[in-house]
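Structure first, then comments.
The values are calculated or read from the model by the stated rules, or taken from the named source; none is laboratory data. A quick note: this is a predicted structure, and the numbers were derived from the prediction, not measured. In this analysis, Cβ positions are derived from the backbone assuming ideal geometry, glycine residues included, and neighbour counts consider all displayed protein chains.
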Amino acid sequence: MFINTLLFGYAVWYREYPPLKAKNMPLIAMLYLCMLIWYLGTIGTNYNTPGHFNFSSSCILFATWFRVYLGVFLFLHLHIFRIYTYIRIFKRLRRVTVKVYVYGAAIYLVIILGYGVPLTVLRSTLSVQYLPELGTCYYGTTFAELTFAIIWAGWFSIVAITFIARDINTSFNEYHEMVLITTIGSITLTYQTISQNISRGYTLRVWSRAIGTFSEYLVSQTSLFILLCVPVYNCMFHREEYKRRFFEKMRADGMVARYNYSVAMSTGVDTSTAAAPTQAPRNEPTSNFTTDAPGNSESSSSDEIV
């Protein structure tokens, strides 16, 4: 977590660096916050310790809201939404405006409020309860089955949307990174599904809880590291060379006339008033994504996204 914190802090400090800006830093910041909340929820669920407060309320907070709704559910939603913004820009050729972000947030809120609030007010035997003899929280069968059904649906959505975005031939392509993330996540989710639904003695075994906790920690931590490590490393040691290759790759796909607002769109800024692309020397890419591709100087207004 310490390494990820340094990585994230560096990325935020150099957030205007084009390869980092292309990662959609506002959503990366949300992913980092989600990672912290998920970690607290997992620790609070599996390794609760007696104290002076109400443990039933503690399990509701840590095991359902921190671990599930603001942890796993938000993690899934952020990954789906990040990839969707790239698909919208580069495959559907449409702008990503503030309205799109509002719709995305609304969908997430409807899910967690519509699912989370009713289960929160149910009696603990149906949702989650504290087991004082073990010092841990225990999920009811109904809650566990419904929750894992939603998580699997979200996970298959990530796999599907990653596959759809696999041929985005730009510097924004994250196919290989997402394949690695989904592989690690699939192993973790399979283990947790078996241990918490098929083998209900999960809570009774300390080693099983330890493996589950570590696997969740691993998938949340590695996802951020996988997305940021390459651009951060190159920003530190090969800044200008990596930026030059970043722009060259964008020009090579023959769609640079559309990129005068691509990074701004990927960060949720409405660029409908952006200036038209201007001609730039082939070997001197500008930092505001307004260069024309080699051989594309004849680009007309019909080449722009509307």
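Name the one entry in G44, G116 that is at pLDDT below 90 and within 19 Å of E216 (Cα to Cα).
Values: G116 fails: within 19 Å of E216 (Cα to Cα).
Step by step, each of G44, G116 is checked, and only G44 is at pLDDT below 90 and within 19 Å of E216 (Cα to Cα).
From the residues in segment 129-146 that are in contact (Cβ under 8 Å) with a residue 24 or more places away in the chain and exposed (fewer than 13 other Cβ atoms within 10 Å of the Cβ), which one is nearest to S58 (Cα to Cα)?
P132
Tell me whether segment 62-69 contains one or more residues that are outside any loop (DSSP other than H, G, I, E, B), modelled with pLDDT of 90 or more, basic (K, R) and over 22 Å from S223 (Cβ atoms).
No, there is no match, as no residue in segment 62-69 is outside any loop (DSSP other than H, G, I, E, B), modelled with pLDDT of 90 or more, basic (K, R) and over 22 Å from S223 (Cβ atoms).
For segment 12-32, enumerate the residues that are out of contact with any helix residue (DSSP H, G or I) (no Cβ under 8 Å at 6 or more places or on another chain) and either without any contact (Cβ under 8 Å) to a residue 40 or more places away in the chain or closer than 16 Å to K243 by Cβ (or both).
Listed by number, the residues that qualify are W13, E16.
Counting just the residues of segment 231-250 that are exposed (fewer than 14 other Cβ atoms within 10 Å of the Cβ) and without any contact (Cβ under 8 Å) to a residue 60 or more places away in the chain, which one comes out nearest to M1 (Cα to Cα)?
First pass over segment 231-250, keeping only residues exposed (fewer than 14 other Cβ atoms within 10 Å of the Cβ): 233, 236-241.
Subsequent filtering for residues that are without any contact (Cβ under 8 Å) to a residue 60 or more places away in the chain retains 233, 237-238, 240-241.
Numbers: Y233: 17, F237: 22, H238: 25, E240: 29, E241: 29 Å.
Taking the candidates together, the pick is Y233.
With M35, M1 as the choices, which residue is in contact with a helix residue (DSSP H, G or I) (Cβ under 7 Å, 6 or more places away or on another chain), over 28 Å from E248 (Cα atoms) and modelled with pLDDT of 90 or more?
Of the residues listed, the single one that is in contact with a helix residue (DSSP H, G or I) (Cβ under 7 Å, 6 or more places away or on another chain), over 28 Å from E248 (Cα atoms) and modelled with pLDDT of 90 or more is M35.
State the number of residues belonging to segment 99-128 that are outside any helix (DSSP H, G or I), of a type in the set (V, I, T) and surrounded by 17 or more Cβ atoms within 10 Å (Cβ to Cβ).
Keep residues of segment 99-128 that are outside any helix (DSSP H, G or I), which gives 122-128.
So of that shortlist, the ones also of a type in the set (V, I, T) come out as 125, 128.
Applying the additional criterion that residues be surrounded by 17 or more Cβ atoms within 10 Å (Cβ to Cβ) yields 128.
So the count comes out to 1.
Which residue is modelled with the highest pLDDT, if the candidates are limited to segment 129-178 and must be under 25 Å from F90 (Cβ atoms) and outside any helix (DSSP H, G or I)?
E174
If the Cβ limit is 7 Å and pairs must be 6+ apart or interchain, which residue in segment 156-184 that is under 23 Å from Q221 (Cβ atoms) pairs with which residue that is of a type in the set (K, R) and loosely packed, with under 15 Cβ neighbours inside 10 Å?
Final answer for the pair search is Y175/R166.
Please work out if A149 is surrounded by fewer than 17 Cβ atoms within 10 Å (Cβ to Cβ), aliphatic (A, V, I, L, M) and either closer than 29 Å to S195 by Cα or more than 20 Å from the chain's Cα centre (by Cα) (or both).
Judged against the criteria, A149 is a match.
Kindly indicate the residue of segment 73-92 that is out of contact with any Cys (no Cβ under 9 Å at 6 or more places or on another chain) and among the aliphatic types (A, V, I, L, M) and also surrounded by the fewest Cβ atoms within 10 Å (Cβ to Cβ) among those meeting that condition.
I87
Take segment 91-114 and flag every residue that is over 17 Å from the mean Cα position of the chain (by Cα), free of Cβ contacts under 8 Å to residues at least 12 places away in the same chain and within 21 Å of A165 (Cα to Cα).
Listed by number, the list holds a single entry, R92.
Can you confirm whether I89 is at pLDDT below 90, β-branched (V, I, T) and within 27 Å of F143 (Cβ to Cβ)? Steps first, answer last, please.
On the way: at pLDDT below 90: yes; β-branched (V, I, T): yes; within 27 Å of F143 (Cβ to Cβ): no.
No.
Take the residues of segment 188-210 that are of a type outside the set (S, T, Y) and within 23 Å of the chain's Cα centre (by Cα): which is modelled with the highest pLDDT?
Across segment 188-210, the extreme among qualifying residues is L189.
Condition check: assigned to a loop (DSSP other than H, G, I, E, B), modelled with pLDDT under 95 and touching a helix residue (DSSP H, G or I) at 6+ places or on another chain (Cβ under 6 Å). Does R94 satisfy that?
Yes; evaluated as a whole, the condition is true for this residue.
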